[in-house]
Amino acid sequence: MSQARPLTDTASFLLKGSSFTLTTLQLLTLDYDSLYAQLGYKVGQAPAFFNNTPVVLDIQKVSTVPVEIDFVKLLNIIRQHGLIPVGLRGANPDQTSRALALGLAVLPERVNKETEQTAPLPAGKQPEPKAKNELSSNTKLIMEPVRSGQQIYARGSDLVILASVGAGAEIIADGHIHVYGALRGRALAGVNGFDEARIFCQSLEAELVSVAGQYCVNDDLRKSHWGKSVSITLNGDHLQIQAL
């Protein structure tokens, strides 16, 4: 079958690969009333952060329950709190079909890096060393202040900022975050699920901090170590802030 030619030789669009950090809403039960109330409480803690935020709905933990999931109701609850559902994860084939009919994208399951296997090398063969110019420090270094409205993402690495992070800025890393100045914006470490990630800063004045998806907002941060040099780690299901 021949392909139709474009109406004009002038390009009207570009298809480009990009990567974004998405918030995941993982359902633990199908109690819609509790979901509505608890989601409202969470969003109320940081309304500016969650307003118009795209959300991936993860239903893996409820995908096998005998009760059929009411996707229309779920999506309405999410939208009523100012979030925008854009994708689905952890669904069975029937649930996937129903979600696609409602306009949701289907996202692949996250790869567990701890269980990834590589083919064994033949007996007596050693892995080839990387060329010198291929070696990486696994650190993204920023030497200037991060200003309001800027977003910096350190993919697959730590993020080191040798300056301050302004209010309204967002810094994100798959690994640790180090800020050698005041942290006034939002800092999200271990965004791909690395729960041993840490956030270090010279002066804690943040709008929001997060490690591996668990977060703490400005009102709670002000209760302890505000304006101090701290490290932030994940302890169970909550963040632990310690003075440096």
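The values are calculated or read from the model by the stated rules, or taken from the named source; none is laboratory data. All of these numbers come straight from a predicted model, not from anything done at the bench. With ideal geometry, Cβ positions are generated from the backbone for all residues, glycine too; neighbour counts draw on all protein chains shown. Ligands, DNA and RNA are stripped out before the accessible areas are found, and what is left, the full protein with its side chains, is counted by its heavy atoms. Shrake-Rupley method; radii C 1.70, N 1.55, O 1.52, S 1.80 Å.
Quick one: count up the residues across segment 24-39 that are exposed (fewer than 13 other Cβ atoms within 10 Å of the Cβ) and at pLDDT below 90.
The qualifying residues number 0.
Take residues that are over 29 Å from Asp219 (Cβ atoms) and in contact (Cβ under 8 Å) with a residue 12 or more places away in the chain and tell me which of the helices (runs of 4 or more DSSP H) falling wholly in segment 11-83 contain 3 or more.
71-80
What tally of residues in segment 62-87 results from selecting those that are within 18 Å of Leu22 (Cβ to Cβ) and open to solvent by 60 Å² or more (accessible area, probe 1.4 Å)?
Total satisfying the criteria: 2.
List the residue pairs whose Cβ atoms are under 6 Å apart, where the first residue sits in segment 219-230 and is part of a loop (DSSP other than H, G, I, E, B), the second is among the aliphatic types (A, V, I, L, M) and open to solvent by 50 Å² or more (accessible area, probe 1.4 Å), and the two are 6 or more positions apart or on different chains.
His225/Ala243; Lys228/Ala243; Ser229/Leu244
Can you pull out the residues in segment 160-184 that are in a strand (DSSP E or B), within 17 Å of Phe194 (Cα to Cα) and either at pLDDT below 95 or of a type in the set (Gly, Ala, Ser) (or both)?
Passing the criteria: Ile171, Ile172, Ala173.
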